[in-house]
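For reference, the structure is listed below as structure tokens.
The values are calculated or read from the model by the stated rules, or taken from the named source; none is laboratory data. Note that the structure is predicted; figures quoted are calculated from it, not measured. Glycine also receives a Cβ, built like all others from the backbone with ideal geometry; neighbour counts cover every protein chain displayed. Note: areas computed on protein heavy atoms with side chains; ligands, DNA, RNA excluded. Shrake-Rupley method; radii C 1.70, N 1.55, O 1.52, S 1.80 Å.
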Amino acid sequence: MPAPSWYRDVPEPARSMLTVGAVFGILGGIAGLVVGLNVYAPTAWFAVFELGVPAALLGAIIGLVAGLIARYRLRAR
């Protein structure tokens, strides 16, 4: 499936920030759901945000750093 046109127009550091942040956020949300259902099911929805949002922020930071490194390496050549 090809990427949407708006995604292709985003510069590389921001594109990797969006991608890695989304992946980490989804994985963190799934982990939060599993933990929340095991601990106390009625408030499991809160655990999704409790683990998903920090994971997404961490992923965005990691993606931005990786995108900047990739951009610098391409420019250095």
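Could you tell me which of the residues G52, G67 is in contact with a Pro (Cβ under 7 Å, 6 or more places away or on another chain) and either open to solvent by less than 50 Å² (accessible area, probe 1.4 Å) or free of Cβ contacts under 8 Å to residues at least 40 places away in the same chain (or both)? Spell out the reasoning first.
Working: G52 fails: in contact with a Pro (Cβ under 7 Å, 6 or more places away or on another chain).
After applying the criteria, what remains is G67.
Say whether the condition of being open to solvent by 80 Å² or more (accessible area, probe 1.4 Å) and aromatic (F, W, Y) is met by at least one residue in the range 1-14. Write out each step before concluding.
Here is the first cut: in the range 1-14, the residues open to solvent by 80 Å² or more (accessible area, probe 1.4 Å) are 1-2, 6, 8-9.
Remaining after also requiring aromatic (F, W, Y): 6.
Within the range 1-14, one or more residues are open to solvent by 80 Å² or more (accessible area, probe 1.4 Å) and aromatic (F, W, Y).
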